[in-house]
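Undergrad: The following block contains the structure, expressed as structure tokens.
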Amino acid sequence: MACRCSEIKKCEQDIRLLENELAQELRITQESCGQGTPVLSALSQNLTKAVFVNNISRAEIRLSAIAKKQDGRVSSSLDKRAGELRRIRNKLSNYENEDRRYHRTL
């Protein structure tokens, strides 16, 4: 058992950093999705004018696959950061418990 005050401060700093990174990444994702939706809508409308009817479904499938791939990248990145945040919060909790026990015994 040892004093964990410095480790607690480090964990709290890491938590703030990760929370800020997650918030920023979510903001960027929302902005890019908001900008991308009108583009995809306009592209879809233009495809109906430019592509033969029997090819339009193939183009729509490809656009859908691109959108899913992008969503997967964003989701994976957010999942990694969220997992790291959970891990640090658990570590912080353990440090706080150990620190309380240590300071009570003094």
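Undergrad: If you take the residues in segment 6-22 that are more than 13 Å from the chain's Cα centre (by Cα) and free of Cβ contacts under 8 Å to residues at least 40 places away in the same chain, which one is farthest from Asp99 (Cα to Cα)?
TA: Of the residues in segment 6-22, the ones more than 13 Å from the chain's Cα centre (by Cα) are 6-17.
Pick out the ones that are also free of Cβ contacts under 8 Å to residues at least 40 places away in the same chain and you get 6, 9-10, 13, 16-17.
On the way: Ser6: 10, Lys9: 12, Lys10: 14, Gln13: 17, Arg16: 21, Leu17: 23 Å.
Checked segment 6-22; the qualifying residue farthest from Asp99 (Cα to Cα) is Leu17.
Undergrad: What residue, among those in segment 1-22 that are exposed (fewer than 14 other Cβ atoms within 10 Å of the Cβ) and outside any helix (DSSP H, G or I), is modelled with the lowest pLDDT?
TA: Applying the filter and picking the extreme gives Met1.
Undergrad: Next question. For Tyr102, all conditions in the list (1) of a type in the set (Ser, Thr, Tyr); (2) exposed (fewer than 12 other Cβ atoms within 10 Å of the Cβ); (3) modelled with pLDDT of 80 or more hold save one; what is the number of the exception?
TA: Tyr102 satisfies every listed condition except (2).
The values are calculated or read from the model by the stated rules, or taken from the named source; none is laboratory data. Only a predicted model underlies this, so the values are computations on that prediction, with no experimental measurement involved. Positions of Cβ are backbone-derived with ideal geometry, glycine not excepted, and every protein chain shown enters the neighbour counts.
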